[in-house]
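A short worksheet on the structure shown next.
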Amino acid sequence: MFLDLDRFKLVNDTLSRFGGDEFTLLLPEIRTRDDVVVIAEKILDRLNEPFVIDGHELFVSASIGIAMYPEAGDSGESLVQNADIAMYHVKSRGKNGYQFFSEEMNHQFSTRLNLERELRNGLIQGEFEVYYQPQVSLEDGAITGVGALVRWRHNVRGMIEPAEFFTAG
């Protein structure tokens, strides 16, 4: 399991701490997904209760990614990496939950990394264009402002809509 405490930066900032919000859990005696679910749900239930530190009531939740041997990896390194990918899927859908790793996630993660690399290269190569669109008053037709729209003219894929590249983060 790869466990990340959601919004823990707020707790760290309150206590003058730096970092330290990610944990790995190795469960060598667990054999079934059902057993893992029981543990993940116990962790989430326990974290749903407030913590009182120095008179301050703090609320923490967790995002837990789960990778089981051997279907999600055959080495410690691959299991941690895949559990981390599964954890980011939990975060992307709202946090405070758990998710088992699947190969589809690996494909999505790889696609996202490729897009991020292409974005960086596109910025360096000047592939982004700004278009200005007037804002017009419906009452009298006067121009009241201007909106700036960014477009990405990819050197291979052509024009890419912002909805595609703004979802990369």
When only residues in the stretch 150-165 that are among the hydrophobic types (A, V, I, L, M, F, W, C) and exposed (fewer than 11 other Cβ atoms within 10 Å of the Cβ) count, which is farthest from L113 (Cα to Cα)? M159
Only unsatisfied item for R46, checking (1) at pLDDT 90 or above; (2) among the basic types (K, R); (3) surrounded by 12 or more Cβ atoms within 10 Å (Cβ to Cβ), is (3)
Would you confirm, using the coordinates I've provided, whether L119 is surrounded by fewer than 16 Cβ atoms within 10 Å (Cβ to Cβ) and either in contact with a helix residue (DSSP H, G or I) (Cβ under 8 Å, 6 or more places away or on another chain) or modelled with pLDDT of 95 or more (or both)? no
Taking the stretch 49-62 as the search range and keeping residues that are hydrophobic (A, V, I, L, M, F, W, C) and assigned to a loop (DSSP other than H, G, I, E, B), which one is surrounded by the most Cβ atoms within 10 Å (Cβ to Cβ)? V60
Is it the case, given these coordinates, that E127 is in contact with a Lys or Arg (Cβ under 9 Å, 6 or more places away or on another chain) and modelled with pLDDT of 90 or more? yes
Residues of the stretch 63-84 being surrounded by fewer than 21 Cβ atoms within 10 Å (Cβ to Cβ) and touching a strand residue (DSSP E or B) at 6+ places or on another chain (Cβ under 8 Å), in sequence order, are M68, V80, D84
Read through the list (1) modelled with pLDDT of 90 or more; (2) acidic (D, E); (3) more than 26 Å from F8 (Cα to Cα), then give the number of the only condition that E161 fails. (1)
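The values are calculated or read from the model by the stated rules, or taken from the named source; none is laboratory data. Small disclaimer: the values here were computed from a predicted structure and weren't measured. Cβ coordinates were reconstructed from backbone atoms using ideal geometry, including for glycine residues, and neighbour counts include every protein chain displayed.
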